[in-house]
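Notes to accompany the following structure.
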Amino acid sequence: MTFCTRNHYEESVAIRDVKLKAAEEGFKTIIDKVIPARCMTEAKAAVVGGGPAGLAAAYFLQGYGIGTTIFERENEPGGVVRHVIPDFRIGSSAIERDIEIVKNTGAEFIMGTKISSVDELKEKGYKYIVIASGAWKHGELDIKSEKRVNALDFLASYKKDEKKIHLGRNVAVIGGGNTAMDAARAAKRLRGVKKVSIVYRRTAMFMPAEEEELRLAMEDGVIFRELLQPISHEEGKLLCSVMTLGERDASGRRSPIPTGETVMIPADTLIEAVGENVDSDLFTDNNIFVDHKGRAITCRKSYETNIKGVYVAGDARCGPRTVVEAIADARRVADHIAFREGLCKSNDLQKNKRDTDRLRLKKGKLVFCESPEKESERCLECGVLCENCVDVCPNRANISVHVAGSSSPQIIHIDDLCNECGNCSTFCPWTGAPYKDKFTYFSREKDLNESKNSGFFDMGNGRFKVRLEGKVFTSSLDPSDKKLPKEVAEMIKAARNSIPI
Ligand code: SF4
Ligand code: SF4
């Protein structure tokens, strides 16, 4: 999600303030209450990696009463947060406190142990294995350079002993992600460094770093050099090709195109921050299916791999992301494991129905921010119920329907009513385009043929023309008609009950 739905009413939920308040003042209140959970099952879980995702997975699993062991290759847990993220971003005491909370749950920590075999863990009696080993593989710049250092290596050295680092007067950081911002801000703090530039081939607007991180880097005096693509680095100078922005590429960002011009930037050292990747060896060595990027292919809902009981969470699943996202992954994995063990009723349809009713009542009311303690009450819980595209469509071309077997309402788009104004896209907190992405009801066969949307046309006599993932076919709603997945058949049934077809 990219922005808060509350913003459409009065002002966004001040999530960061709430989290900061909880992190700074909540520790003493909760630490004594976190006690080893009673084991609720004989099944044990092993977590590979003691970074944010691994620690969070152990915390949630222990909370469910599932005995969990964390295996970490380093001698201390904390992963990228402890070993890479600079102290000026997260202090060691905050990391220690989080680890203490996890230890208090009764989770076992085995440090200095590298895990390379899932089968060995299974033989040791672990029924569930959560791979949370992070994304540590360095991306590399394809240019010649007289002095370069990888951003993760640089940040790790900076954290160990910044006095031993000598980068010269001018430093150029190549990349536009959060790691690039951290590296630039750390370099700016080094003795002897006068100028730090971030060199990026698109404009700052398209940098993958969080907006907050960009702002902090600017405040620290880091120079942003946009639309530059490094070519070579010698004699303290970085030669760059000047770029311009062209059409949008597959990532949705406008692609950089060379203008034919070049510029020189003073740079004694280059710091490469061109993306960290997942090391896929652990997956391939254990017969876990991977995609073309070497990332494990996992179930969209549970993050379970093709090997039953083996899950992937955090950066190891999707590459570098935020700590919050790593924790969200861990939560999902733990919920699924607990559900398998009969310890969690997350599929409780009745509860979700109650949530839906409660959340709809929250909509349309102005509630201003009073204090961090009360702030969470303003949250509309868009992850449970969004329906923004329904609320903002001037033509009522998106409807919310209850679909049998689905725990939350689903959106059906009505092709006939849509004039492609794009409003639903503007207001979608998931940066979606509901009028293109949502399962669509077509009232004319010709419209289905001319559209690219997944959806259906009612041909009569119980037959439907359906487009799914680009493929068009005809089908009935009969379960014996294997072409139509059950959940899609239920969507069509729900649409027929809600739209006067
Ligand atoms: S879930 Fe809450 S905080 Fe998040 S976007 Fe919705 S209203 Fe804002
Ligand atoms: S694009 Fe279509 S569905 Fe979206 S708000 Fe406009 S009319 Fe409604």
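The values are calculated or read from the model by the stated rules, or taken from the named source; none is laboratory data. Given the structure is predicted, the values throughout are model-derived calculations rather than measurements. For neighbour counting, all protein chains shown are included, and Cβ atoms are generated from backbone atoms with ideal geometry for every residue, glycine included. What goes into the accessible areas is simple: the full protein's heavy atoms, side chains included, and nothing from ligands, DNA or RNA. Shrake-Rupley method; radii C 1.70, N 1.55, O 1.52, S 1.80 Å.
Determine the alpha carbon to alpha carbon distance for each of Lys44/Lys482; Lys446/Lys482; Lys363/Lys465 and list only those over 28 Å. Numbers along the way, then the final one.
Numbers: Lys44/Lys482 37 Å; Lys446/Lys482 25 Å; Lys363/Lys465 36 Å.
Cα-Cα > 28 Å for Lys44/Lys482; Lys363/Lys465; rest within.
Relative contact order (percent) for the stretch 200-339, with alpha-carbon contacts under 8 angstrom and 6 or more residues of separation?
Value for the stretch 200-339: 14 percent.
Counting other C-beta atoms within 10 Å, and keeping those with at most 14, which DSSP coil GluC sites (Glu not before Pro) do you find in the stretch 203-252?
Numbers: sites: Glu210, Glu211, Glu212, Glu213, Glu219, Glu226, Glu234, Glu235, Glu247; in loops: Glu210, Glu226, Glu235.
Answer by residue number: Glu210, Glu235.
Cys344 to Ile90: extension gain in nm, 0.36 nm per residue of separation minus the Cα-Cα distance?
Numbers: separation 254, 0.36 × 254 = 91.44 nm, distance 3.31 nm.
Extending this stretch completely gives an extra 88.1 nm.
Quick one: with all protein chains in place, what share of the accessible area of the chain is carbon or sulfur, to the nearest percent (1.4 Å probe)? Show your work: numbers first, answer last.
Working: 13150 of 26490 Å².
Answer for the chain: carbon and sulfur cover 50 percent of the accessible area.
Return P(r) of the stretch 66-152 (all Cα-Cα pairs; 5 Å bins starting at 0; whole %; ordered from short to long distances).
Computed distribution, short to long bins: 3, 10, 17, 19, 17, 12, 10, 6, 3, 2, 0.
Residues of the chain: accessible area per residue at 1.4 Å, in Å²?
Spelled out: the 1.4 Å probe surface of the chain, per residue, equals 53 Å².
Can you send over the solvent-accessible area of Thr203, 1.4 Å probe, protein chains only, in Å² to the nearest 10?
Answer for Thr203: close to 30 Å² accessible.
Using a basic spin-label model with each label point 7 Å from the Cα along Cα→Cβ, how many nm lie between His166 and Arg254?
4.4
How many percent of DSSP beta bridges within the chain run antiparallel, rounded to 5? Walk me through the intermediate numbers first.
Details: 33 of 71 bridges.
Looking only at bridges with both residues in the chain, the antiparallel portion is about 45 percent.
Kindly provide the trypsin sites (Lys or Arg not before Pro) of the stretch 162-271 that DSSP labels as loop, not H, G, I, E or B, and whose Cβ sees at most 15 other Cβ atoms within 10 Å. Display every interim value, and only then the final one.
Details: sites: Lys163, Lys164, Arg169, Arg185, Lys188, Arg189, Arg191, Lys194, Lys195, Arg201, Arg202, Arg215, Arg225, Lys237, Arg248, Arg253, Arg254; in loops: Arg169, Arg189, Arg191, Lys194, Arg201, Arg202, Arg253.
Counting only loop positions with at most 15 other Cβ atoms within 10 Å, the trypsin sites (Lys or Arg not before Pro) in the stretch 162-271 are Arg169, Arg189, Arg191, Lys194, Arg253.
Could you order the peptides 46-54, 269-277, 407-415 from most to least packed, using the average number of other C-beta atoms within 10 Å per residue? Write out the running numbers ahead of the final one.
Values: 46-54: 29.6, 269-277: 22.9, 407-415: 19.9.
The peptides rank, most packed first, as 46-54, 269-277, 407-415.
Per residue of the stretch 125-140, what does 6.51 cos²θ - 1.76 cosθ + 1.60 with θ = phi - 60° give for ³J(HN,Hα)? Whole Hz please, x for Gly and Pro, Karplus curve as stated.
After applying 6.51 cos²θ - 1.76 cosθ + 1.60, I find x, 7, 6, 10, 10, 10, 8, 9, 8, x, 10, 10, 7, 6, x, 10 Hz.
Out of residues 5 or more away from Met459 or on other chains, whose amide H comes under 5 Å of its own, with H placed 1.01 Å from N in the peptide plane?
Phe464, Lys465
Looking at the stretch 1-134, what % of the alpha carbon pairs are farther apart than 21 Å? Mind showing how you got there, number by number?
Numbers: 4390 of 8911 pairs.
The calculated P(r) of the stretch 1-134 puts 49 percent of pairs beyond 21 Å.
Which value does Rg/Rh take for the stretch 368-501 over its C-alpha atoms, Rh per Kirkwood? Kindly include the intermediate steps, with their values, before the conclusion.
Values: Rg = 16.8 Å, Rh = 16.0 Å.
My calculation of the ratio gives 1.05.
What is the set of long-range amide H partners of Ile414 at a cut-off below 5 Å, with H atoms built 1.01 Å from backbone N?
Asn398, Ile399, Tyr441
In bins 5 Å wide, starting from 0, what share of all Cα pairs of the stretch 140-274 does each bin hold, as a percent?
Computed distribution, short to long bins: 2, 11, 21, 24, 21, 13, 5, 2, 1.
Taking the Kirkwood radius as the inverse of the mean 1/r across Cα pairs, report the Rg/Rh of the chain. Could the numbers behind the result be given before it?
Numbers: Rg = 25.5 Å, Rh = 25.7 Å.
That ratio equals 0.99.
Along the charge dipole of the stretch 140-274, pointing to its positive end and built from +1/-1 on Cβ of Lys, Arg, Asp and Glu, which listed residue (Ser157, Ile257, Met207) has its Cα farthest out?
Ser157
Which whole-number percent gives the relative contact order of the chain, counting Cα pairs below 8 Å spaced six or more residues apart? Each step should come with its number before you reach the end.
Working: 957 pairs, mean separation 68.5, N = 501.
RCO, the chain: 14 percent.
Is the stretch 216-267 best put as rounded, prolate or oblate by its Cα gyration tensor, with a ≥ b ≥ c the root eigenvalues, rounded for a/c under 1.5, and otherwise prolate when a/b is larger than b/c, oblate when not? If you can, show how the numbers build up before the last one.
Numbers: a/c = 2.77, a/b = 1.25, b/c = 2.22.
In terms of gyration-tensor shape, oblate.
Once phi is turned into θ = phi - 60°, what whole-Hz ³J(HN,Hα) does the Karplus curve with 6.51, -1.76 and 1.60 give for every residue of the stretch 208-225, x standing for Gly and Pro?
Coupling constants for the stretch 208-225: x, 5, 4, 4, 4, 5, 4, 4, 5, 5, 5, 4, 7, x, 6, 8, 9, 10 Hz.
Starting from the stretch 68-136, pick out the chymotrypsin sites (Phe, Trp or Tyr not before Pro) whose DSSP state is loop and whose Cβ has at most 13 other Cβ atoms within 10 Å. Write down the numbers at each step before the final one.
Values: sites: Phe71, Phe88, Phe109, Tyr126, Tyr128, Trp136; in loops: Phe88, Trp136.
Within the stretch 68-136, the qualifying chymotrypsin sites (Phe, Trp or Tyr not before Pro) (loop, at most 13 other Cβ atoms within 10 Å) are Phe88.
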